[in-house]
Amino acid sequence: MTFFIYLYHLVTNYTIMFVLEIKEMFAQKGVVKPYALLLRMGIPRTRARMMLNGTNKNVNLADLFKFCTYLNCTPKELLKVVPTKGSIALQNTPLQDWIKKEDVNLIHEMISMTPEEMDKMKEFYKELKSK
């Protein structure tokens, strides 16, 4: 009985979910037309749209396998764990490593750079490559 109450408490008070970050991974891998690619992979149109706009709630394992194979990545790179506010359910669990920290979107940053900033970035890149 105690275990059931604990499990009920865990489920009702600490909602944690996996989020598929397929759009972000497509961008990182340079996929220009992700919707067309999803359709070619056999993903139905409605589900493809939902995956790309972030409203898809389910991912079957066969599709996850297709994505990982095509994008040469792991499920951990495609999925992120999103705990609810104030959730302590992930403390001291392996899933805590799945919570992605907000990272800089380099492509977005470079698009918004001024020509002068872009020149500085090119110089920095040349220095980095020469080391």
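Nothing in this text is a laboratory measurement; each read-out follows from the coordinates by a stated rule. Being a predicted model, the structure only gives us computed values, none of them experimental. Neighbour counts are summed over all protein chains in view; Cβ atoms, including those assigned to glycine, are modelled from backbone coordinates with ideal geometry.
A few points about this structure:
- Sequence ranges 123-131, 19-27, ranked by mean other-Cβ count within 10 angstrom, highest first: 19-27, 123-131
- Candidates per trypsin sites (Lys or Arg not before Pro) in segment 33-75, loop by DSSP, up to 13 other Cβ within 10 Å: K57
- Given R0 = 41 Å, the distance between the Cβ atoms of K122 and M50 translates into a calculated FRET efficiency of 0.60.
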